[in-house]
1. From the list A:S414, A:S426, pick out the single residue that is free of Cβ contacts under 8 Å to residues at least 40 places away in the same chain and within 14 Å of chain B (Cβ to nearest Cβ).
2. Going residue by residue through region A:168-189, is there one that turns out to be in contact with an Asp or Glu (Cβ under 6 Å, 6 or more places away or on another chain), hydroxyl-bearing (S, T, Y), within 22 Å of A:A425 (Cβ to Cβ) and assigned to a helix (DSSP H, G or I)?
3. Scan region A:283-295 for residues that are in a loop (DSSP other than H, G, I, E, B) and farther than 28 Å from A:A403 by Cα and jot them down.
4. Exactly one of these conditions fails for B:A76: (1) surrounded by 15 or more Cβ atoms within 10 Å (Cβ to Cβ); (2) in contact (Cβ under 8 Å) with a residue 12 or more places away in the chain. Give me its number.
5. A:Y276 - would you say it is buried (at least 23 other Cβ atoms within 10 Å of the Cβ), among the aromatic types (F, W, Y) and within 22 Å of A:T129 (Cα to Cα)?
6. For region A:145-167, enumerate the residues that are small (G, A, S), touching a Leu at 6+ places or on another chain (Cβ under 8 Å) and either assigned to a loop (DSSP other than H, G, I, E, B) or without any contact (Cβ under 8 Å) to a residue 24 or more places away in the chain (or both).
7. I'd like the full set of residues that are under 16 Å from B:V32 (Cβ atoms) and either in contact with a Lys or Arg (Cβ under 9 Å, 6 or more places away or on another chain) or within 8 Å of chain B (Cβ to nearest Cβ) (or both), limited to region A:338-356.
8. When only residues in region A:338-370 that are among the hydrophobic types (A, V, I, L, M, F, W, C), crowded, with 17+ Cβ neighbours inside 10 Å and over 23 Å from the mean Cα position of the chain (by Cα) count, which is farthest from A:D321 (Cα to Cα)?
Amino acid sequence: MNLVQLNLKEAVELVRKGELLAEDLVRAYVKHIESLDNRIKAYLTYNFDRALERAREIDRKPSKGKLAGAVIAVKDNIVTKGLRTTCASRLLENFIPPYDATVVERLEAEDAIIIGKTNLDEFAMGSSTENSAFFPTRNPWDLERVPGGSSGGSAAAVAAYEAMAALGSDTGGSVRQPAAFCGVVGLKPTYGRVSRYGLVAFASSLDQIGPLTRSVEDSALLTMVISGFDRRDATSSSEPVPDYMAKLGERLESKKVGVLAASELKGIEEEVAANYFAVVDKLKELGFEVEEMSFPSWEYALPCYYIIAPSEASSNLARYDGVRYGLRVEANSLAEMYLKTRTVGFGSEVKRRILLGTFALSSGYYEAFYAKAARARQVITREFTAAFEKVDFILTPTTPEPAFKLGEIQDPISMYLQDYFTVSASLAGVPAISIPSGLSSEGLPLGLQVIGRPFMEDKLLNFVFLLEKKLEFKNNISEIIKYQRKEEE
Amino acid sequence: MKIDLEHVCRLANLELTEEEKLPISLQMEKIVEWVSQLARLETGTEERYSPVDFSLRMEEDQVQPSLPQEEVLALAPEKEGDFIKVPKVLTGK
């Protein structure tokens, strides 16, 4: 067996017991990435030399961390000391951060190894990774299709066995949607659960870092390591972090699940709806109490999100002015330098969002747009609070359709509709996870989203751990190996 | 809805290229119209700006190391001594 086929938990156990060298694992990944990534294009920067060096250090350690030998890819909007961090933008093309994000520090403190930085939509704005200023990433299930976004590089890397697991960031669905498109597990933890120190800010009241993995167990293990209070993030929570691994497989205390009525799934692809209701039927067979629910405010969640997120982005991205770091376009005056640097440095989608946000916050429009959206956010949040008084989990499809083709969606609004099922949980700050739930007739992965109560990641993970076993989703390793053979021929 | 895109661009310190101007202006109008449907939602509530209802945490002042000055200055596109250099602020126009 190729070592890259080991899941994170299995590999770490072998390394910790001294039955497998971290160096051998890293070498296996380097070889696999080198033979495959010219087609998938999941990575923007490789970190092979340092990864091998780290592996040798870990192999020499008598006592090894919880993630010893874990080969992890990191989305390129999470800063890594001494390792280029671009946000897939021309503006930061040559930016080498002088510090590590808290999540990176925490991974490395447990002896995980960063293998490289993954592609994304510029500044995490997009749903297909086509907005990367450098190149698009391909979906490992079908190279003609997008991996989703914005954490498309991370999802593709995990699905193509180019990493054991990856970190992504999720503002309106950017971990969950690519996870669904690539047939992997993607968790957006509760807002405040994971420190964002060192995550390049997009929309600060929504951004959250989360893991993309090949199994629920691996998700629990990674989430446990990266979660917890950090004084460097003012929104980080001091809620204690339970042992997520220990809770997996525990008997579920309650079996109440909220599901969407068929009428709520109008307009989405039939296969997606059919797959969703098949899962619901399975839950009933398993003895779950299934309650049909409706969420009248969800219809407004996307417009609400597309006012709030761009507004915050317009403020957060004001820092890119060519003064202290990143791209600078020479000019005769300071004001002209700001203008030229931003005009040359940002791509069209980023410009669209900055302009939209600036408009929504501008004098004369603030009340009708930004303030109205902030009130809508409260309505959406209250709807969740009311729903969680009746049920423990809410199930939805993760996306309205499986992965689409590169270039297929040109209209910005059609692209924004990709986030239909994912934005509500972001606006309310509640945890949500996408797990693979089957394949379409064309052989593309479909995703199921499960939303839980704030800070109840332990229960959420335990529930999807059970579902994962019952759904018996098969990965595509045989296909991946086929690409690789073609490449070698 | 008609948007004064030039004004918004000035506020955002952005310029659109000739190729961007027409498509972005049309897309912006469509997007603003699309998000305007929010007006139909009954919102008799207060505004919510963050998912957490937190009050600012107080903490003792502690002296902690900051990033080394030379490492941070090394990132600047242009510098002079220990300063980041920028083009003229006042152009005498």
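The values are calculated or read from the model by the stated rules, or taken from the named source; none is laboratory data. Note that this is a predicted model, so its numbers are computed, not measured. Neighbour counts run over all protein chains shown; Cβ positions are idealised from the backbone, glycine included.
1. Details: A:S426 fails: free of Cβ contacts under 8 Å to residues at least 40 places away in the same chain.
Criteria check complete, one pass: A:S414.
2. no
3. Let us first name the residues in region A:283-295 that are in a loop (DSSP other than H, G, I, E, B), namely A:286-288, A:294-295.
Answer for region A:283-295, where residues must be in a loop (DSSP other than H, G, I, E, B) and farther than 28 Å from A:A403 by Cα: A:L286, A:G287, A:F288.
4. (2)
5. On the way: buried (at least 23 other Cβ atoms within 10 Å of the Cβ): yes; among the aromatic types (F, W, Y): yes; within 22 Å of A:T129 (Cα to Cα): no.
When the stated conditions are applied, A:Y276 does not pass them.
6. A:G149, A:S150, A:S151, A:A160
7. Hits for region A:338-356 are A:K351, A:R352, A:I354, A:L355, A:L356.
8. From region A:338-370, those among the hydrophobic types (A, V, I, L, M, F, W, C) are A:339, A:344, A:346, A:350, A:354-356, A:359-361, A:368-369; that's our starting set.
Next, from what is left, pick out any that are crowded, with 17+ Cβ neighbours inside 10 Å: A:339, A:346, A:350, A:354-356, A:359-361, A:369.
Filter once more, keeping what is over 23 Å from the mean Cα position of the chain (by Cα): A:339, A:355-356, A:359-361, A:369.
Details: A:L339: 8, A:L355: 16, A:L356: 19, A:F359: 20, A:A360: 21, A:L361: 20, A:F369: 27 Å.
The qualifying residue farthest from A:D321 (Cα to Cα) is A:F369.
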